[in-house]
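See structure below.
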Amino acid sequence: MENEPAEEASVAEVSARLRHRLIARLRADGHLRSPRVERAMAAVPREVFTPAGTDVAEAYADRVLVLASDASGAPLSTISQPAIVALMLEQLDVRAGQRILEIGTGSGYNTALLAELTGPGGRVTSVEVDAALVPGAAARLAELAPGDGTPLDLRHGDGWLGVPDAAPYDRLHSTIGVDDLPPAWSGQLADGGLLVAPLWLRPGLELSAALRRDGPLLRSVSVTPCGFLQLRGPHAPASHTRVLGPDLAVVGDSLGARDAELIRTLIDTPGVDRGPCPEPADPRWWGLSLTDPRAVLFVGPRSGHAAWGIYEPGGREGAGLALAHDGRVIGHGDPLAADVLRHRLDDAPPIDPSRLTITAYPATHPMPAPPRHGHTWRITRHHHIYRVHWAPTA
């Protein structure tokens, strides 16, 4: 019994040392930029929120930890990688005393960080779709009392709907991805408030977007590439990923089950070399993906790290698929897809996604003329039309 306090002190010391080492690495890599976010991450012990049996060293590794999985082993809920946690909190720019809505409580780790940032004069409301996760998060947060006892309001519910009875909010932070921002989120955000959410735009292009409410519009103030699990529940978007086999999947916009069948058939047919094309490095691919809704991204061991291409379901000779590989266009099926891919890659601007700007217009809102300079794309969803703009550096 006499050894217990020493053992507890030792664990606390190890935790503090690992936490500060992680923070130093995040600062050196540019993920942490402000003293207040650094203080919040230093104050919250991440190991308190990790799954049972997680080693304390693993708790402070800069990687995702899985909280819950489905029957197939696919993750349903995670604790985000510390680097993206830090980046998104920097984007959110929380000030003391603000009212915050969090979409996706998960383990409660990010909730604790938000509490540290807003402090006892503010309030954090958090909603989680998985009822099984809420009691554990509530217990951990009650024991820790982050932010010197910042008021916390945890709810079980559909994050798409927000939490209207506690609105308006100065900040809204979603740790789950969407391809269309729910009208409830902007409607519950105070005018001038900031919303940060992972926004899926096109295959290979998901961005953590910080958007400021300007009347009925949302205008980005910063974006950064990210990758997140998508919203679950009755308002969840249709999956953009179609599994083609145990080791291959395709990502596209509006791919149905019939498209997946056609693509599976096409990819299993011998490819034909259709000629040269520019190597589709990520900057050029992002430009192509924004330009053409037929763009697809293949992921899995059969295609290496990734393969980019064009899927054309309605060519003159039937469906066609073209992939860019080692500076060549490889065609499957109708040759139209290969022609489209080659010309699109020739014309695609090399995009730096962190320099994109996004304006979300309600679907019924009139659209002004696009900027005269740079490149502008229009992405239409059910609730919003997204104007995405990129201007090259001088």
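The values are calculated or read from the model by the stated rules, or taken from the named source; none is laboratory data. All values derive from a computational prediction rather than experimental measurement. Note: ideal-geometry Cβ built from the backbone for every residue, glycine included; neighbour counts use all protein chains shown. The protein model used for the area step is the full one, side chains on, heavy atoms only, and it has no ligands, DNA or RNA in it. Shrake-Rupley method; radii C 1.70, N 1.55, O 1.52, S 1.80 Å.
Every test in (1) open to solvent by 10 Å² or more (accessible area, probe 1.4 Å); (2) at positive phi is passed by residue 78 save one, and that test is (2).
Is region 174-188 home to any residue that is under 18 Å from the mean Cα position of the chain (by Cα), buried (at least 22 other Cβ atoms within 10 Å of the Cβ) and in a strand (DSSP E or B)? There is at least one residue in region 174-188 that is under 18 Å from the mean Cα position of the chain (by Cα), buried (at least 22 other Cβ atoms within 10 Å of the Cβ) and in a strand (DSSP E or B). Of the residues making up region 219-236, those that are within 22 Å of residue 285 (Cβ to Cβ) and either in a loop (DSSP other than H, G, I, E, B) or open to solvent by 70 Å² or more (accessible area, probe 1.4 Å) (or both) number 3. Filtering region 94-104 to residues that are more than 18 Å from the chain's Cα centre (by Cα) and either of a type outside the set (A, V, I, L, M, F, W, C) or assigned to a strand (DSSP E or B) (or both) leaves 95, 97, 98, 99, 100. Looking only at region 239-257, residues that are touching a residue at least 12 places away in the same chain (Cβ under 8 Å) and in a loop (DSSP other than H, G, I, E, B) come to 5 in all.
Close contacts from region 139-160, counting a first residue that is part of a loop (DSSP other than H, G, I, E, B) and a second that is open to solvent by less than 40 Å² (accessible area, probe 1.4 Å) and among the aliphatic types (A, V, I, L, M), with Cβ to Cβ under 6 Å and a gap of 6+ residues or different chains, come to 150/115; 157/127.
What about residue 315, is it over 23 Å from residue 226 (Cα atoms) and open to solvent by less than 50 Å² (accessible area, probe 1.4 Å)? Before the answer, list the steps.
Numbers: over 23 Å from residue 226 (Cα atoms): yes; open to solvent by less than 50 Å² (accessible area, probe 1.4 Å): yes.
Criteria met by residue 315.
In region 35-50, the residues that are within 10 Å of residue 112 (Cα to Cα) reach residues that are assigned to a helix (DSSP H, G or I) and of a type in the set (Phe, Trp, Tyr) with C-beta atoms within less than 6 angstrom, at least six apart or across chains, in these pairs: 49/109. Residues considered: 111, 125. Of these, the only one that is over 16 Å from the mean Cα position of the chain (by Cα) and either under 18 Å from residue 193 (Cβ atoms) or part of a strand (DSSP E or B) (or both) is 125. Residues in region 258-279 that are among the acidic types (Asp, Glu) and outside any helix (DSSP H, G or I) were compared, and the one that is farthest from residue 338 (Cα to Cα) is 268.
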